[in-house]
């Protein structure tokens, strides 16, 4: 079984895959040229990604109304002017957080970024203290 060694420990490729299949969050890895190199193609995705999207420029999979904003953020990351951004949008009437995080190697060279998308409606519920309390005791 292949083991991946990372800061903080090690895990198997099967464990890593299970993490990305289980967590209800979308991850898209863009390389230094803004090409989609990896995507968490799980059942929780709000924005569909397929194998055919791999190798495409990220703007090719974004809606036209957001392309200029996405390009501006990526340009800022390329030039070291921004390390991250977190945006709250509405998708099909539900609040969704989309965040971009710049990735760098140990020497500080830009490697690309990871785009993380997560529905947040459950995080914004009134009475969240009571909801959290009930979740602890739910089986």
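Nothing in this text is a laboratory measurement; each read-out follows from the coordinates by a stated rule. The model shown is predicted, which means the values in this text are computed figures rather than measured ones. With ideal geometry, Cβ positions are generated from the backbone for all residues, glycine too; neighbour counts draw on all protein chains shown.
Summary of computed values
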| item | result |
| --- | --- |
| For the chain: rounded, prolate or oblate by the Cα gyration tensor [a/c cutoff 1.5] | oblate |
| Peptide ranges 26-35, 96-105, 54-63 listed from the most packed, as the mean C-beta count within 10 angstrom indicates | 26-35, 96-105, 54-63 |
| Sites residue 35 and residue 2 - FRET efficiency at Förster radius 25 Å, r taken between beta-carbons, to 0.05 | 0.50 |
| Distance in nm between pseudo-label sites at residue 20 and residue 89 (7 Å out along the Cβ direction from Cα) | 2.1 |
| Expected 222 nm ellipticity per residue - DSSP helices of 4 or more, -39500 (n - 2.57), all of the chain, to 500 | -8000 deg cm²/dmol |
| Amide N of segment 1-44 lying under 16 Å from the label point, which is placed 7 angstrom from the Cα of residue 106 along Cα→Cβ | 5-9 |
